[in-house]
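These notes are about the structure you will find just below.
The values are calculated or read from the model by the stated rules, or taken from the named source; none is laboratory data. Just so you know, these numbers come straight off a predicted model, no measurement behind them. Methodologically, a virtual Cβ is constructed for each residue, glycine included, from the backbone with ideal geometry; neighbour enumeration extends over all protein chains shown.
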């Protein structure tokens, strides 16, 4: 590791509000100690969010189906459409889940599922209208690979797909399915999923239609540090173009019960390193979430001093990463405690990062 003095030129840039390069970011990944990275990222976080507030949202992840044709090697959740364990939630089941969420103070549902080979776009429009007809709740739904899949099986444009979903009740789009936005990586871990360009095109189209989205990174599999930097570069470039990303979320791949189960899990230090560098590099994305659901409460708490200003979701329900062995759970009281232990004030928010309290 190089000393702080050896990286001083990079830190001078970022601390003075200037943009760091891809070469700078790679140097930070390869050569700078984690304590120094955390200190600088914490300074950037407070420059962007000077108030001592950490936000979170009360919501529920609802996976409407696990039937999927993409067969991603890192996924333990999916089943093929004819598998005995394949399911699609009924409207009655969906109603019960959303009703319970609202009674617990929830303001949003994250609606995602597998790439079902048979459902056409009108099925999803009906699903959205059913929710909006029965509940006043924000729908954060359908990741870019799902939307790309809808366009392909319906043989219509992305613009038409997103416009119709928006008209039916879709409010914002989550950043899932980004993994690493480098096709040489995607071809190894998710060869049947949309390309990096496809993912970005979905987000660009949504932003131009006036929708906000989040963006993500899943690291810790076959990618290199240079691949992580390229991923961040492409996110920053699109944000320069559209300004449509509200937040960035990074988490480590969870290999248990997947085709990549023999790969070693990355440690919490690697998460904090990646988070801190992301905060420094993504100078145009306002919010960064802590991924306590994959890291646990202690590392999730440390993330608040490594660039994160938000604790993400209470996740009243989560099925995808838990299928791969990540079984961390925090009640809302625990999330508030974790925040308060670092002398921050916890505040509930909505999907647009507007404080609700």
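Residues in segment 141-152 that are over 22 Å from residue 92 (Cβ atoms) and surrounded by 16 or more Cβ atoms within 10 Å (Cβ to Cβ): 143, 144, 145, 146, 147, 148, 149, 150, 151. When you go through (1) outside any helix (DSSP H, G or I); (2) in contact (Cβ under 8 Å) with a residue 40 or more places away in the chain; (3) more than 18 Å from residue 277 (Cα to Cα) one by one for residue 191, which number turns out not to apply? Every listed condition holds for residue 191 apart from (2).
The residue of segment 211-225 that is surrounded by the most Cβ atoms within 10 Å (Cβ to Cβ), among those that are in contact (Cβ under 8 Å) with a residue 12 or more places away in the chain and outside any strand (DSSP E or B), is 220. Going residue by residue through segment 134-143, is there one that turns out to be assigned to a helix (DSSP H, G or I) and modelled with pLDDT of 95 or more? Taking every residue of segment 134-143 in turn, at least one turns out to be assigned to a helix (DSSP H, G or I) and modelled with pLDDT of 95 or more. Residue 262 satisfies every condition listed in (1) in contact (Cβ under 8 Å) with a residue 60 or more places away in the chain; (2) out of contact with any helix residue (DSSP H, G or I) (no Cβ under 8 Å at 6 or more places or on another chain) except (1). One residue stands out among those in segment 326-336 that are under 23 Å from residue 176 (Cβ atoms) and crowded, with 19+ Cβ neighbours inside 10 Å: the one that is modelled with the highest pLDDT, which is 335.
Counting the residues of segment 120-133 that are crowded, with 21+ Cβ neighbours inside 10 Å and part of a loop (DSSP other than H, G, I, E, B) gives 0.
Quick one: is residue 198 in a helix (DSSP H, G or I) and under 21 Å from the mean Cα position of the chain (by Cα)?
Values: in a helix (DSSP H, G or I): yes; under 21 Å from the mean Cα position of the chain (by Cα): yes.
So residue 198 passes the test.
Per the listing 228, 234, the residue uniquely assigned to a helix (DSSP H, G or I), under 17 Å from the mean Cα position of the chain (by Cα), buried (at least 21 other Cβ atoms within 10 Å of the Cβ) and modelled with pLDDT of 95 or more is 228.
A quick yes/no check of all residues on (1) modelled with pLDDT under 70; (2) buried (at least 19 other Cβ atoms within 10 Å of the Cβ); (3) closer than 28 Å to residue 221 by Cβ:
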position: 307; (1), (2), (3): no, yes, yes
position: 310; (1), (2), (3): no, yes, yes
position: 317; (1), (2), (3): yes, no, yes
position: 321; (1), (2), (3): yes, yes, yes
position: 324; (1), (2), (3): yes, yes, yes
position: 338; (1), (2), (3): no, yes, yes
position: 344; (1), (2), (3): no, yes, no
position: 354; (1), (2), (3): no, no, no
